[in-house]
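The values are calculated or read from the model by the stated rules, or taken from the named source; none is laboratory data. Everything numeric here is computed off the predicted structure, so don't read it as measured data. Note that we place each Cβ from the backbone using ideal geometry, even for glycine, and neighbour counts take in every protein chain shown. Surface accessibility is based on the protein's heavy atoms, side chains included, excluding ligands, DNA and RNA. Shrake-Rupley method; radii C 1.70, N 1.55, O 1.52, S 1.80 Å.
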Amino acid sequence: RMHYSSKYENSPMPHSIFFYGGYAIHGTSYLRDLGRPVSHGCVRLAPRNAARLYALVKRYGMRATRISIVN
C-alpha cells in the first residue's frame with residue numbers, strides 16, 4: 001500500500017503497482033504536476049484514483065490486469 005523509493009530520495013509512492021522493473025503506477029500529492037513529465041518513468045495518479053486502482057488490482061490480481069503504455 002505504501003512504498004518509498006530507494007532510488008529517488010525516499011520519495012513516497014502510495015498505492016504502487018509495479019509493472020516493468022522499477023516502474024510503477026502510484027499516487028502523488030503534486031496534483032498540479034499531473035500530465036507533465038516530472039516523473040522518472042512512473043505513471044502518477046491523484047491519490048483517490050491510485051487507491052481505487054490499487055484496490056481493483058488487489059481484488060482481481062496482477063494476472064488479470066493488463067497495463068499498456070501508449071506513446
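Remarks
- Among residues of region 23-71, those that are closer than 20 Å to Ser5 by Cβ, among the charged types (D, E, K, R) and either in a helix (DSSP H, G or I) or touching a strand residue (DSSP E or B) at 6+ places or on another chain (Cβ under 7 Å) (or both), counted: 2
- Residue selection: Tyr8 fails the criterion of being on the phi < 0 side of the Ramachandran plot, aromatic (Phe, Trp, Tyr) and within 14 Å of the chain's Cα centre (by Cα).
- Considered as a group, the residues in region 17-71 that are under 12 Å from the mean Cα position of the chain (by Cα) and of a type in the set (Phe, Trp, Tyr) include one that is surrounded by the fewest Cβ atoms within 10 Å (Cβ to Cβ), and that residue is Tyr20.
- Search result, residues across region 1-42 that are of a type in the set (Phe, Trp, Tyr) and touching a Ser or Thr at 6+ places or on another chain (Cβ under 9 Å): Tyr4, Phe19
- Within region 1-11, the only residue that satisfies the criterion of being open to solvent by less than 80 Å² (accessible area, probe 1.4 Å) and either of a type in the set (Asp, Glu) or in contact with a Phe, Trp or Tyr (Cβ under 8 Å, 6 or more places away or on another chain) (or both) is Ser11.
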